[in-house]
Amino acid sequence: MADEQMVRLLSENGFAGVQYDRFEEEVARYGISVLRGWLYSGYVFKLVASRGFDLKPHELELEELVRDSDLREELAMMTVARALPVFRQRALVEAGWRAERGASIATYFMGACAYEFPNEYRRHRVQQKRWNLGRAAEGVTTEDRLSIRGVAEEAVGNLRVLEDLKGIEDARTRAAVALTIDGYSQEEIQQLLDAKSIRAIEGLLYRWRTKEKQRDEGRSDG
Amino acid sequence: MVDETDDFDALLESTSLGGAGARKLRSRTPVDRARAVRTIAHLRNRIVHDPAHAAAAAQELVELLESLGREAPPGPPPASDPGLVGDPTKATSFRQLVGAMEELRLERGLTYKRLSQRSSLSMTTWSDVLHGKRAPSLAVVDAFVRACGGGENDLKVWRESWYRVWVAEVLADLPGQEQRAQLAAALTGLMEHAPELAMTVGHLLRLYFVRSWSGS
């Protein structure tokens with residue numbers, strides 16, 4: 001398996017040097033992109049909750065993540081920055097990652113990111129709280145700030161997505177729909193949601209469309 | 001070398017990072033962004049594991065984050081309006097004035113080191129003043145407002161607040177309320193037209209009515 005071959009090659013230089021730099025660069029690019037997608041769709045909260053870190057995001061927080069691409073970028077970058085050294089040490093130097101256990105090296109890295117995300121998100125919340133206190137002194141509420149920024153960022157389409165998504169109970173389907181509307185390909189969505197195949201994603205979307213159609217027909221019949 | 005690089009890239013593309021979806025996802029993030037993240041990771045690591053160089057690494061990290069526009073929370077108040085947080089106009093003592101300074105410092109996310117870099121004053125001076133160990137002089141308040149990004153209007157507001165507090169502190173132990181009020185009005189008036197003379201008079205008064213603000 002190529003992942004194993006890569007790790008063996010990198011270990012020859014003690015996970016350092018030009019080749020490791022190149023590898024880590026690509027791991028970081030991958031990680032940032034995946035996290036941005038997870039943040040946009042809100043899937044990251046479901047993922048970390050399943051690992052015991054329930055961050056209980058407020059609806060306004062989810063809305064902000066849909067609207068604010070800078071925030072998604074910042075959280076993704078800082079989470080990956082936290083995860084890179086941990087991943088190098090635990091997965092590579094200490095040989096915590098093993099091909100025979102089934103997870104690919106890309107998936108394992110995203111596991112490290114999911115583990116680090118709650119810390120980064122808590123840091124963001126503390127900063128946001130301090131900021132909001134300052135704004136409260138000016139009489140500006142969170143809702144005001146969100147609506148001002150929303151208009152500026154042409155978020156109308158994104159908000160509609162959010163409205164549509166509210167009706168979808170299953171987190172994976174909700175994420176798949178959000179990511180589809182945001183222009184991710186099915187191959188990317190498969191990767192983002194760690195689905196077995198593209199067909200699995202097609203299946204999710206097909207079942208959602210069918211359900212929506214039936215609901216619409218039900219409405220027009222009634 | 002070219003062959004080696006090509007071989008490495010070919011191997012990389014055959015790993016789980018090279019699948020169709022993963023490749024597309026990677027291409028959504030520019031290489032320089034990934035490099036910045038790696039630098040952030042290395043600096044964070046140095047801060048935690050290399051105490052001897054932690055301060056330099058922290059400084060480098062702050063500068064990198066600033067260059068990425070990441071230090072301040074989204075949409076900070078305009079730089080020329082520090083009075084929004086840490087209002088000095090309500091201070092009636094140096095202790096309260098320092099409280100307003102500390103609020104503004106925290107709101108701006110400025111460390112003592114950063115304050116020191118943005119002024120000609122040492123970290124110790126900033127630490128002493130902001131911990132209440134010594135009263136802020138007018139020069140310190142000026143330097144503070146400028147380090148926080150304040151403009152001329154902000155300087156005026158903070159200076160006036162400092163004058164007012166200073167006069168109150170200087171005259172605090174003067175016997176006789178009426179006499180104190182008259183002197184306060186005279187000193188404040190003098191401050192507006194001849195601040196240096198007013199301060200000399202204040203110092204002379206203080207020699208007779210010594211009162212340490214920090215001990216009050």
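All of the numbers you see were taken from the coordinates with simple rules; none came from a lab. Here the structure is a predicted model, which is why all the values come from computation and not from measurement. Heads up, the Cβs are rebuilt from the backbone with ideal geometry, glycines too, and the neighbour counts pull from every protein chain shown.
Under 28 Å of direct C-alpha separation, and excluding same-chain neighbours fewer than eight residues apart, B:LYS156 reaches these lysines: B:LYS90, B:LYS113, B:LYS133. Cross-link partners of A:LYS211 among lysines, defined as those whose alpha carbon lies under 17 angstrom from its own and excluding same-chain residues fewer than eight positions apart: A:LYS166. Take B:137-150, A:72-85 and order them by the average number of nearby Cβ atoms within 10 Å per residue, most first; the result is A:72-85, B:137-150.
Which links in A:LYS46/A:LYS196; A:LYS56/A:LYS196; A:LYS46/A:LYS129 stretch past 25 Å when you go from one Cα to the other? Among A:LYS46/A:LYS196; A:LYS56/A:LYS196; A:LYS46/A:LYS129, the Cα-Cα distance tops 25 Å for A:LYS56/A:LYS196. Neighbouring Cβ atoms from other chains, within 10 Å of the Cβ of residues in A:189-199, number 2 on average.
Measuring from centroid to centroid over Cα atoms, what is the spacing of region A:96-118 and region B:143-158 in Å? After rounding, the separation between the Cα centres reads 50 Å. The mean count of C-beta atoms from other chains within 10 Å of the C-beta of residues in A:75-83, rounded to a whole number, is 5.
Look at the stretch B:35-44: the mean tally of other chain Cβ atoms within 10 Å of its residues' Cβ atoms is 6. Summary of packing: across the peptides B:16-24, A:120-128, the per-residue average of other C-beta atoms within 10 Å ranks them, highest first, as B:16-24, A:120-128.
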